[in-house]
Structure formats: structure tokens, C-alpha cells
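J.: After the C-alpha cells below, expect a handful of questions from me.
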Amino acid sequence: MTLAQAALPVPALAPALATALALLLPLGLGALLTAWPRPSLRLRRGLGIGGTLGLAGLALWLLWRALAGRPAAVAAGGWPMPYGIVLVADALAALMLLLAALLALAALAHAAATDGDRPARGFHALFQFQLFGVAGALLAGDLFNLFVFFEVLLLASYGLLLQGPRRCPPRVALHYVLLNLVGSTVFLLAVALVYAATGTLNMSQLAARLGALAGPDLALAGAGLLLLATVLGLKAALLPLLAWLPRTYAAAPTPVAALFTLLTKVGIYGLVRLWTIADGTLAGDLPKRTALAHAGLADNPAHPVARLLGPLLLAAALGTLVAGCIGLLAARDLRRRVAWLVPLSVGTTLAGIAAGGVFGLGAALYYLVQSTLIMAGLFLLLDLLPAVASSCTGTSPGAPAARPAPALGVLFLLAAVGVAGMPPLSGFIGKALVLKAVLPDAPGGVASGLWGWIWTAVLGSGLTLTLVLTRTGIQLFWWPRGRRLPVQAAVPARMLLPALALIGAGPLLMVCAGPATRVTAAVAEQARGGDAYAAAVQGLAADRSSAPWPGRGPEAGDAPRQGQTP
Amino acid sequence: MEWLVAGATGLLMGAGVYLLLAPRAFTVVLGLLLLSYGANLLVFAAGGLTVDRPPLAPTRPGTTDPLPQALVLTAIVIGLAMTAFALALVLWSARRTGVTPNADAGAAQPPADGRAPAADTGQPRP
């Protein structure tokens, strides 16, 4: 790969440029929209949607490249590895980026169609900054920049939460902000501990050095990584740390809530990365890799940190599923009910990741993509219903001002079937794949009798979902013959289209289940293999082999840092 | 030196957590401030404590690891911005609900449906 780069400098520059552009595009647009004195609404919408389309195109190209075995990587500013900012667009990051861009596109289109962006002047600028934070967190190649981009993402999300027509109650915003500020502090502590023990923050280098640690350094690094897992669990809304989610999502403006469904998935992405760091696969260590890639997280023979992390994550995933079911049954407010769907999707995804090895990761990714799209579509759909559109904090169903249009009922049915995992839509395929991947006889499935628990939790959550969504559908769309209410005015197509596009992901991913699962399986193979990732990062270092410090390059990177005392 | 830095970090963190658990919004922000100081100190100490040595990029014997210093600068800037934002939010929230950020949580508890609290908190509502 380095030879090819030396021979053909210009084409080799393109992926690096594309990776950097995936950050620069939203950042530049956000800055432009902030600095421009009085852009018209049309211009703001055009810039926002155009920029997001561009981001989707970049993500698609990066994904295609990464799946062809050539993940793009760039060291910003040409600084060498332990110092510079390294961005890596491997298949997992590119897939998540594509998902983010598609979701943002639908949310922006919805905001433009329903005038949701009119009252808030900074909506489009903040939205682009949010995308910048998400793209940065996905592409960041080291832990500190993961922290920085998480801060960008959170700051933009605070702004988006507080803006807009659906001003959320101050206490909800305050809780969300303060909780995440504490989370950020813990993130920083984790980064400091990891750096103190290993002397690097680059993910690939870190994975290589962790294996050689012992004694107090190992304890420090382990504490740091587990703290990091806690913070990422907060972002992903795992069991002990999920109470903030339903209130916040229910209070957010609709397009923002649709985008927020992605933020928990960024937390899951971080956990997957953390896992590949902890068991050393991200270092691209060839002989170890093949054995590890097929081992489930729960019974991983690898590093002590990974051994500890696996059962913890699995327990958190199952607990999240149970808590999500209870919350879902208890929620009377319609928006909060939809918000409770998010932890259920997180729990199912993480159960597949934690217990299923590389096949589980592939299945979980397929499930993640379709469930995120459909849930965001459900949020958009709620905004179109007459019962919900009129109120600020959402109403309990049953007291709408008009009968919903029949088209909305059909969309709701599609979304409900997709979310609940009923056949034949994609939710069923995703859940079936996850359940199959955790079976003991599947490669990488859990060996112990644990699979029964996972099956019970996942199937139980599916039953609860069916129950609750049926009840919601009856309350919203079924009317006794005697009651006379005006039928809602016809919903214009431009309002219906974003929700339709997102919910249509269910049937689409059902029809294209074969290619889609092949793509997610390839993504999982690359993410758990770690080889391509490590090769991309080390290709960067090889470009600058004139780097002047001995013992700090990736070639000598296997040794932990020595001699910290003065 | 190590004991001093470790003690200071621990003290800041302890005080921060204590303040964080207080039922007053302003005190919570103060606690966050102390917590972020503690975290910054820990990041700074993560590169090892070396006295009177220049922080130079090629880490040879006789220089300090420069990376934690660069990290802590970034962290301080982010911490400052976040604290400013949290303060502004607390003030905004206080103005919206008509409760001073220093009031006890008992008084600051609005009813569950998000309405403004009753007038007996003694604060004028804007």
C-alpha cells in the first residue's frame, strides 16, 4: 500500500482528502451559517441539505473503499503519530457515518417541510455542528480526539435541545447537560489514566501496548478503559445510566429527536472500538487475530480487561432490555413511549455484539441500521399526527383534536411491525440473525447456558413492543362509529416524504436483506479483524519514517513506556 | 512532588463530588468546575512529573513529555466553555421557573407536569 502511494501520489491523496472533507464540510457550513449576517431561510435550508447530501456521498465512497480493503486514513497537518490527529475511515466508521448522514438528511427535510426550523435562528448551524461532532467521533483515531469530538457533539446537542418550537422544560435540559458534563469529566480521567499507563492514546498503538502491560500499569490502564466503558455506556443509555434518555428525547424538537436516535449508536460504536482495543485486535496482530475474531465477547480468552468488559456489557445489555420493557409499559405520553424504544434497540444491538462474536456484530449492525432508521421515522411520524402536533410536551393518546389521515395509519403500521420485529419486515430478520448468532453452536456464540437468557430478553422485549405498539395504534387510529371528529387535513407529500423514506427502510432492507447482511458482515469482519485498520494507521507512520523519536513509532510500539519517574 | 499532586487531585475531586451532590444548581456547577480542575491536573500528571525540563517533541532523556501539556490545554479550553454554558443554562432555567439557582431543591422542584412552581417560593416571575 505504501508502494502504491509512493508511485501514485495524486490518487492516493483522494481518500485522505475525503476523510478530512467529511469533517470540514459540516464544520465549514456550520461556521458559514453562524457568521453569515442574515441568510434567508431558503438559503439556510439549501446549504444544510446540500452539505448533508455531500456528507452522505463522501460516506458512501469511504464505505465502498473500506469494503474493498483500503480504509482511508489521514494524519491531520502531517504531524506524526503520537502527536498528530489521526483520522481513520474504516468500514465500521464509514457505515455509521453514512447512517448519520441519511438520518440527518431526512430530519432536515422534515424540518424544512414542517417549518420546524423557522423559529430557531441557529437551527441549521447547530445541526451542522452536530454532524461535525458525530463525524469526528466516528473517524477519530485516538482517544483524546474521541473526547474532543464528543464534546463538540454534546455542545451542539445542548443547543439543539434548547432551541426550536418545542422548548423543553428547563429541568430536563439542565439534567441532560449536567449529567453529560460529569460524563465528560470522567472521560477525561479515563484518557489520563490510559495515557499514564501506556504512553499513547492512538487506538491502534494502544491495542498493541496493552498486551504487554503488567502489574500496576495494567491496573491503571484497566481502570481507565473501564471508566471509558462507563462513559460510553452513558452515551449509549445502558442500564444504570439510561434514566435521562426518555425525558430528553421526548422533550427535544422532532427533527432533533430523530437525529438523537443516532447519538446512542455513536456510544455503541465507541464500545465496539473499546472492545477491539481491549482485546488487542485493533493492533492487527495477525496470529492472535484469527482466533480472537471468532470469539464472543463474553468468553473472550484475551486480555484481562476484555475478559472483564465482556460479561459487564452483556449484563448491561440484558438489563437495558428489561428496563426498557418496564419503561415502555409505564409510559403514557406518546413521545416518551417512542423514546423508550431507543433503549430496547440499544439493548438488542449490544446483546448481539457482546455475545455473538464476529457474526453477532454483523447481525447487530444490520439490526442497528434498520432500527435506527425506523425509530427516527416514527419520531417524524408523531409530529404529523394531530394529537401530538398541538401540544408542547406531548399528550397521552386518546384526546386528539382530529382523526389522523389514513396514510399515517399505514405508515405507523409499517413502522410498528418493523420495530417490534414481526415478520416479514427487516426488524424480524435483524432479530433472528442476532438470536442465531448467540446460539452455542454458532461460531463465536456463547458457550455457556447464557443464550437462554439472551433469547428470553430479546423475545420478551419483542412481545412487549408488540403489545404497546398495538395499544398505541388502537388509541390513535381506531375510532368507534359514533364519534364524529373532523378528519385531519390531508398531509402534503413533502411532509410525508421524510418519514416515509425512513420507515421505508424496513421493507427496503427486507427486500435487499441478502446484500445488506453481506455488507454488514463484511463491515463486522473488518472491525473485528482489525488488520485493515492497523495497516491504514501504520501506512501513515511509514510515510513519515523520518520521524525523529526512537521508541515511539509503531514499529517499536509494542513496548510499554518506561521510566516515568523523574 | 507526587504526593503533593496526588493529594491536590484527590482533594479537588472529593470536594467536587461533594458539591455535585448538593441539591442546588449553582453549587452543582461549582462542583463540576472543581471536578474538571481535578481531571485537568490528572491529565497533566499523566506524562510523569519532571521538574525544570523543557517540553520538547522528540522525547529524549532530559525533556518532559509534551503531549499531556497539549492535551490539558485543550481540556482547559473545553472545560471553560462547558462551565460557561452550564452557568448560562442554570441562569436561564432560573429565570424560566422563577427560582434562584441557590434555592433549595425542595423549593426548586416544579410540579411533574412542567408548570412553573407555586408562587410561595417568594421569587418574582419575569
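J.: When A:Ala522 is evaluated against the numbered criteria (1) touching a residue at least 60 places away in the same chain (Cβ under 8 Å); (2) touching a Phe, Trp or Tyr at 6+ places or on another chain (Cβ under 9 Å), which criterion, by number, is the only one it fails?
T.: (2)
J.: How many of the residues in region B:21-77 are among the β-branched types (Val, Ile, Thr), more than 7 Å from chain A (Cβ to nearest Cβ) and surrounded by fewer than 15 Cβ atoms within 10 Å (Cβ to Cβ)?
T.: The total comes to 2.
J.: While we're looking at this one, here's another question. Which is more than 11 Å from chain B (Cβ to nearest Cβ), in contact (Cβ under 8 Å) with a residue 40 or more places away in the chain and of a type in the set (A, V, I, L, M, F, W, C), of A:Ala190, A:Ala207, A:Ala197?
T.: Numbers: A:Ala190 fails: more than 11 Å from chain B (Cβ to nearest Cβ); A:Ala197 fails: more than 11 Å from chain B (Cβ to nearest Cβ).
After applying the criteria, what remains is A:Ala207.
J.: Another question, then. Take region A:103-116 and flag every residue that is surrounded by 24 or more Cβ atoms within 10 Å (Cβ to Cβ) and under 30 Å from A:Tyr533 (Cα atoms).
T.: A:Leu103, A:Ala104
J.: Residues of region A:75-92 being outside any loop (DSSP other than H, G, I, E, B) and in contact with a Pro (Cβ under 8 Å, 6 or more places away or on another chain), which ones?
T.: A:Val88, A:Ala89, A:Ala91
Yes/no per residue for (1) in a helix (DSSP H, G or I); (2) in contact with a Ser or Thr (Cβ under 8 Å, 6 or more places away or on another chain):
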| residue | (1), (2) |
| --- | --- |
| A:Leu193 | yes, no |
| A:Leu213 | no, yes |
| A:Lys235 | yes, yes |
| A:Ala250 | yes, yes |
| A:Pro255 | yes, no |
| A:Lys265 | yes, yes |
| A:Leu274 | yes, no |
| A:Ile277 | yes, no |
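J.: Would it be correct to say that A:Val182 is over 27 Å from A:Tyr83 (Cβ atoms), within 14 Å of chain B (Cβ to nearest Cβ) and more than 18 Å from the chain's Cα centre (by Cα)?
T.: Here the answer is yes, as A:Val182 does meet what is asked.
J.: Given the condition touching a strand residue (DSSP E or B) at 6+ places or on another chain (Cβ under 7 Å) and within 14 Å of chain B (Cβ to nearest Cβ), answer yes or no: does some residue in region A:148-169 qualify?
T.: Yes; the residues of region A:148-169 include at least one that is touching a strand residue (DSSP E or B) at 6+ places or on another chain (Cβ under 7 Å) and within 14 Å of chain B (Cβ to nearest Cβ).
J.: Output yes when any residue across region A:427-438 is aromatic (Phe, Trp, Tyr), modelled with pLDDT under 90, surrounded by 16 or more Cβ atoms within 10 Å (Cβ to Cβ) and closer than 21 Å to A:Gly362 by Cβ, and no when none is.
T.: Among the residues of region A:427-438, not one is aromatic (Phe, Trp, Tyr), modelled with pLDDT under 90, surrounded by 16 or more Cβ atoms within 10 Å (Cβ to Cβ) and closer than 21 Å to A:Gly362 by Cβ, which makes the answer no.
J.: Count, please, the residues in region A:21-49 that happen to be hydrophobic (A, V, I, L, M, F, W, C), under 20 Å from A:Asp115 (Cα atoms) and not in a helix (DSSP H, G or I).
T.: Of the residues in that region, 0 qualify.
J.: Looking at (1) surrounded by fewer than 21 Cβ atoms within 10 Å (Cβ to Cβ); (2) at pLDDT below 90; (3) not hydroxyl-bearing (Ser, Thr, Tyr), find the lone condition where A:Val182 falls short.
T.: Evaluating A:Val182 over (1) surrounded by fewer than 21 Cβ atoms within 10 Å (Cβ to Cβ); (2) at pLDDT below 90; (3) not hydroxyl-bearing (Ser, Thr, Tyr) leaves (2) as the failure.
J.: Can you confirm whether A:Ala516 is at pLDDT 90 or above and assigned to a helix (DSSP H, G or I)?
T.: Judged against the criteria, A:Ala516 is a match.
J.: While we're looking at this one, here's another question. Checking the condition under 22 Å from A:Leu497 (Cα atoms) and modelled with pLDDT of 90 or more, which residue from A:Ala104, A:Ala125, A:Ala192 passes?
T.: Sole residue among the options that is under 22 Å from A:Leu497 (Cα atoms) and modelled with pLDDT of 90 or more: A:Ala104.
The values are calculated or read from the model by the stated rules, or taken from the named source; none is laboratory data. Source: prediction; values computed, not measured. Backbone-built Cβ (ideal geometry, glycine too); neighbour counts: all protein chains shown.
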